[in-house]
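Written below as structure tokens is the structure these notes are about.
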Amino acid sequence: MNENEYLREILKSQTLAPGSEELKTLQERRAEVEGLLREQFHESSPTIRYGGSKAKGTMIKEAYDLDIISYFPHDDTSAGETLEEIYNNVRDALSTKYYVESKPSSLRLKDADPSNYGVDFHIDVVPGRYTDNSKTDVFLYRSTGEKKRLKTNLDTHIRHIKESGLIEAIQLLKLWRVRNGLRVKHFALELLVIELLKGKRSWVLSRQLKHAWEQLRDNSETISIQDPANPTGNDLSELLNAGIRSELSSVSERTLQIIHDSGWEGVFGPVEENGEDDRGRRIDMLKGAAAGIATPTRPWFLP
Amino acid sequence: MKKHWHKLDPTLLERMKSEVQSVFSNLHFYPAKDRVFIRGSFPVIHEGKILDRYSIEIELPRNYPESLPIVREVGGRIPQTADRHINPTGEACLFLPDERWKVCHPGSSLLDFLNGPVRNFFVGQSLVELGQPWPFGEWSHASVGIIEYYAELLGTKDLATILRYLDYLSKPKIKGHWKCPCGSGRRLRNCHFEELKDLRTKVRQDDAQRSRQRLISLTKTLETVGGGE
Ligand SMILES: [Zn+2]
Ligand SMILES: [Zn+2]
């Protein structure tokens with residue numbers, strides 16, 4: 001298996017098959033969120049749909065982020081007079097069912113059930129208001145930074161990703177991101193990949209990835225990204241602050257070193273089977289691992 | 001002001017890093033002002049096969065290795081509940097600090113820590129997630145877990161005896177003419193002196209002090225509750 005065949009196998013093992021348990025769960029959650037919002041804001045009839053990696057086709061098994069956008073008509077005020085009010089009202093509505101974590105423009109949903117408290121659903125609800133009747137551009141509330149609102153356009157984002165021809169590179173770099181605990185946001189990483197691989201869409205995957213890492217290693221301080229939906233209006237510098245840039249740079253350097261020293265498996269691991277996860281077999285293997293432990297420990301808890 | 005360990009000896013961090021990364025290639029070191037963060041994914045490996053992965057963050061506090069590393073699961077996969085041994089700030093309670101001599105003794109490395117208690121903890125989490133019990137059991141929460149631990153270590157369930165032992169384990173020095181904590185009435189030198197000396201090389205004074213305080217406040221609470229009749 002050459003390196004590009006290997007990378008394809010990795011991609012294959014990260015694909016969420018249609019009808020898979022994971023996808024079904026996500027669809028159920030989406031329906032649940034949508035139901036809740038439609039009930040709470042039935043007078044406003046918001047536009048509710050998938051955003052994020054689900055809409056862009058960049059979703060992978062190990063790191064799925066499901067955005068659910070809830071955009072209100074531009075002349076509607078029943079969901080809130082201001083963007084901030086809309087954001088707060090949507091948060092309050094979601095809080096009746098979820099443990100909601102406020103992010104700058106979105107609301108992260110976690111499990112509020114006492115036995116599963118804090119488990120992250122990896123769902124962000126993004127409230128917003130259309131700028132006009134054409135229902136294309138949207139204003140989002142922004143709780144941090146100087147500007148209290150930003151203008152965006154989901155369809156432009158989706159097109160930007162889909163037309164880049166770089167979906168596979170994006171997926172692998174998202175896997176690289178989660179495997180290495182990088183804190184760069186998915187959105188910023190996607191834009192970064194497209195920026196770094198401009199004009200390189202015909203390259204094979206391994207060459208694309210190496211190029212991206214070389215750029216991040218060498219030029220992490222000067223690389224910049226723009227929001228395709230509002231290139232000059234939205235300041236994305238916070239998404240690539242000094243800490244995030246230095247993480248990207250040092251992990252890129254290390255990744256290239258690993259490939260050089262021991263090959264690609266050091267980066268993405270061995271190819272794992274994407275079969276039905278046999279529960280019984282998993283339990284047996286884990287019990288085997290436990291049985292081999294020389295110095296057992298028992299967990300404790302201090303409130 | 002005392003310099004932080006990783007600035008006192010920069011080669012120490014470099015050595016630690018290369019040792020850890022030779023095994024865990026996806027863990028990365030980020031020195032911050034007075035501590036070091038390690039982030040990435042932690043694979044649960046058995047016989048060369050990766051059984052699971054967890055997104056973790058380990059914080060080496062400013063007085064590491066005096067203070068234990070703080071381990072957090074940051075992927076949002078494990079519930080932040082007592083039953084899963086994750087406290088509300090996201091910190092994992094891998095073991096009782098008093099038993100650190102067993103798993104995190106002076107001279108042991110960060111790699112030992114990862115291959116030992118950290119791996120144990122995540123093997124357990126994966127099993128619990130699949131509806132299985134903790135492979136080696138679990139300590140009860142808070143003070144009750146401390147009693148369980150010392151009951152096992154000292155071979156007695158008597159709380160007063162455990163407290164006497166903890167008192168001696170907390171002291172900077174012990175003398176042979178003192179009364180033995182076992183309750184025999186004999187002097188220490190004629191009873192459990194050697195055993196106690198051995199215990200004192202294991203359980204740290206500060207851990208013993210903390211546990212003793214917890215048990216004393218527990219007994220006070222119990223007395224208040226019991227005295228209300
Ligand atoms: Zn320091
Ligand atoms: Zn004695």
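The values are calculated or read from the model by the stated rules, or taken from the named source; none is laboratory data. If you're wondering where the values come from, they're calculated on a predicted model, not measured in any experiment. Because the Cβ atoms are built from the backbone with ideal geometry, glycine has one as well, and the counts that use them run over all protein chains shown. For the accessible areas, the whole protein counts, side chains as well, though only heavy atoms, and no ligand, DNA or RNA atoms are used. Shrake-Rupley method; radii C 1.70, N 1.55, O 1.52, S 1.80 Å.
List of remarks:
- Of A:Thr82, A:Thr47, A:Thr152, the one that fluctuates the most in a GNM where chain A has Cα springs shorter than 10 Å: A:Thr82
- The trypsin sites (Lys or Arg not before Pro) found in the range B:102-173 that occupy coil by DSSP, while having at most 11 further C-beta atoms within 10 Å, are B:Lys173.
- Excluding ligands, DNA and RNA, the accessible surface per residue across chain A is 47 Å² with a 1.4 Å probe.
- Once you divide the Cα radius of gyration of the range B:82-187 by 2.2 N^0.38 Å, the number left is 1.32.
- Where chain B is the region considered: accessible area per residue in Å², 1.4 Å probe: 49 Å²
- Dimensionless Rg ratio for the range B:1-47, taking C-alpha atoms and the 2.2 N^0.38 Å reference: 1.33
- Sites matching GluC sites (Glu not before Pro) across the range A:174-256 that sit in DSSP coil, with at most 16 neighbouring C-beta atoms within 10 Å: A:Glu221
- Coarse-grained scattering of the protein assembly as shown at q = 0.09, 0.10 Å⁻¹, given as base-10 log I(q)/I(0) from a Debye sum over alpha-carbon atoms: -0.78, -0.93
- Reducing the range A:75-151 and the range B:28-107 to their Cα centroids gives an inter-centroid distance of 32 Å.
- Straight-distance crosslink candidates among lysines, where the alpha carbon sits under 17 Å from B:Lys202 and sequence neighbours closer than 8 are dropped: B:Lys102, B:Lys171, B:Lys173
- Partners for A:Lys54 among lysines (Cα-Cα distance below 24 Å; same-chain residues under 8 apart left out): A:Lys12, A:Lys24, A:Lys97, A:Lys103, A:Lys110, A:Lys135, A:Lys151, A:Lys162, A:Lys174, A:Lys185, A:Lys198
- Three-way shape call for chain A based on the alpha-carbon gyration tensor, with the a/c threshold at 1.5: oblate
- Surface composition of the range B:5-129: carbon and sulfur make up 54 percent of the accessible area, probe 1.4 Å.
- Bridge type composition, the range A:3-290 - antiparallel percent by DSSP, nearest 5: 75 percent
- Loop sites in the range B:23-95: GluC sites (Glu not before Pro), DSSP, at most 16 other Cβ within 10 Å: B:Glu47, B:Glu66
- 3J(HN,Hα) from dihedral phi, the range B:27-34, Karplus parametrisation 6.51/-1.76/1.60, rounded to Hz, x for glycine, proline: 9, 10, 9, 10, x, 10, 3, 10
- Cα gyration tensor shape of the range B:142-227, rounded if a/c is under 1.5, else prolate or oblate by comparing a/b with b/c: prolate
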